[in-house]
Amino acid sequence: MPELPEVEVVRRGLADHVVGRRITAASFTGARVARRHIPGPVDLAHRITGLEVTQARRRGKYLWLVLSEDGHPVHGLIAHLGMSGQLLVEPADAPDEKHLHARFTFADGDPELRFVDQRTFGGFALDDLADDGVPHQIRHIAPDPFEPVYDQAAVVRRIKASDSAIKRMILHQGVVSGIGNIYADEALWRARVHGERPSSSLTKPTIARVLEHAREVMAAALVQGGTSFDALYVNVNGASGYFDRSLHAYGQEGRPCARCGTPIRREQFMNRSSFSCPQCQTRPRVRRRAG
DNA sequence: CGCTAGACCTGACGGC
DNA sequence: TGCCGTCAGGTCTAGC
């Protein structure tokens, strides 16, 4: 569910409500929520107990809490929200949620931090931090468009060199991170490019425009607290964003394109739905084949 | 190497 | 009312 803007809203909540506090206990309700931590949930809980949260960081859709001892960073507690994960800051006496999977308590008492995840595609892992402060386990995730180390010219070159569809490339978290199905469709609509166009057939300025639109639409969504269609996506206080009102393509099947009035179409691509304007975003003429 | 399909889960919704 | 199929914001991997 959550893409970069929604995850950034959560990161800011963690920065406001969790950074600066010392963990006194952690519990995980099962192995699945800690499946990325090979030694298991008990080891994970044991190893973070007593450490202080000194930073809340994010790359793309991945979050991590920098955990320190005596002021020195020792670990990164990686969190991914998957499709339905929520990190909630709540009083300890709030009733347990149906899909509560983790609980963290702190030396200064209330509030505690909870991880609630209906589908448990999300979860936690503990890892060391590399020299640049990024946990080793997410080294394969490329910088997102809001990071200082993001090199758009390099991303454009890499995409231009690929014969893959442009939508596949901007969804590829190893090329550029943070973009998911919603913002991919919105960026492509804004750039008037059909997602199945082979990347190599696009000019570098066009590829750059797609990426710039992706960054802009995510920045606009962030201002509005992210995109939420229902109660599944919320910030750490349980509140929803309202960028869904500003979507032009995603989920808009049959509604008139805001530019030309043509009904937005829905197609299957990469085993998921894609939304686009048939008039503004013409399909590639031929599906190229090797040979 | 790149791509596809499938797996991992639960719940909401529409049709019958 | 229930049953069944479909769909959902993500990621990972087995197998071509």
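Every number in this text was worked out from the coordinates using simple rules, so none of it is lab data. This is a predicted model, so every value here is computed, not measured. Please note: Cβ atoms are built from the backbone with ideal geometry, for glycine as well, and neighbour counts cover all protein chains shown.
Here are a few things to note about the model shown:
- Chain lengthening between A:Gln279 and A:Arg255 when straightened (0.36 nm per residue, less Cα-Cα): 7.3 nm
- For a label point 7 Å along the Cα-to-beta-carbon line of A:Asp132, residues of the stretch A:50-67 with backbone N under 14 Å: A:58-60
- Using θ = phi - 60° and Karplus 6.51 cos²θ - 1.76 cosθ + 1.60, couplings along the stretch A:93-101 (whole Hz; Gly, Pro as x): 8, 5, x, 5, 6, 4, 10, 6, 10
- When each of the peptides A:248-258, A:262-272, A:169-179, A:191-201 is scored by how many other beta carbons lie within 10 Å of its residues on average, the order from highest to lowest is A:169-179, A:191-201, A:248-258, A:262-272.
- The convex hull around the C-alpha trace of the stretch A:152-276, projected and averaged over every direction, spans 8.0 square nanometres.
- Working note: Debye formula, equal point scatterers on the alpha-carbon atoms of chain A, no solvent; log10 I(q)/I(0) at q = 0.13 Å⁻¹ is -0.90.
- Each stretch of four or more DSSP H residues adds -39500 (n - 2.57); spread over every residue of chain A, this sum gives -7000 deg cm²/dmol at 222 nm.
- Highest average first, the peptides A:90-97, A:58-65, A:17-24 ordered by how many other beta carbon atoms sit within 10 Å of their residues are A:58-65, A:17-24, A:90-97.
- With only Cα atoms counted, the stretch A:4-138 has Rg and Dmax values of 13.4, 41 Å.
- Summing charges over neighbours of A:Val149, with a neighbour being any other residue whose Cβ is under 11 Å away from its Cβ, gives -3 when K and R count +1 and D and E count -1.
- Here A:Leu51, A:Leu44 are placed in order of increasing Cβ neighbour count within 10 Å, fewest first, which gives A:Leu51, A:Leu44.
- Estimated FRET transfer efficiency (A:Arg32, A:His172; beta-carbon r; R0 25 Å; 0.05): 0.45
- For the stretch A:103-116, backbone phi angles converted through the Karplus equation (6.51, -1.76, 1.60; θ = phi - 60°) give residue-by-residue couplings of 9, 10, 10, 10, 4, 8, x, 5, x, 9, 10, 10, 10, 10 Hz, Gly and Pro being listed as x.
- Residues of the stretch A:110-150 falling in the label zone of A:Glu69, defined by backbone nitrogen less than 20 Å from a point 7 Å along Cα to beta-carbon, are A:125-131, A:133-137.
- If R0 equals 35 Å, the separation of the Cβ atoms of A:Arg272 and A:Thr49 corresponds to a calculated FRET efficiency of about 0.30.
- Contact order relative to length of chain A, as percent, for alpha carbon pairs under 8 angstrom and 6 or more apart: 17 percent
- Cα centroid separation - the stretch A:21-78 against the stretch A:175-190, whole Å: 30 Å
- q = 0.28 Å⁻¹: log10 I(q)/I(0) that the Debye formula gives for the stretch A:91-132, counting C-alpha atoms only: -0.99
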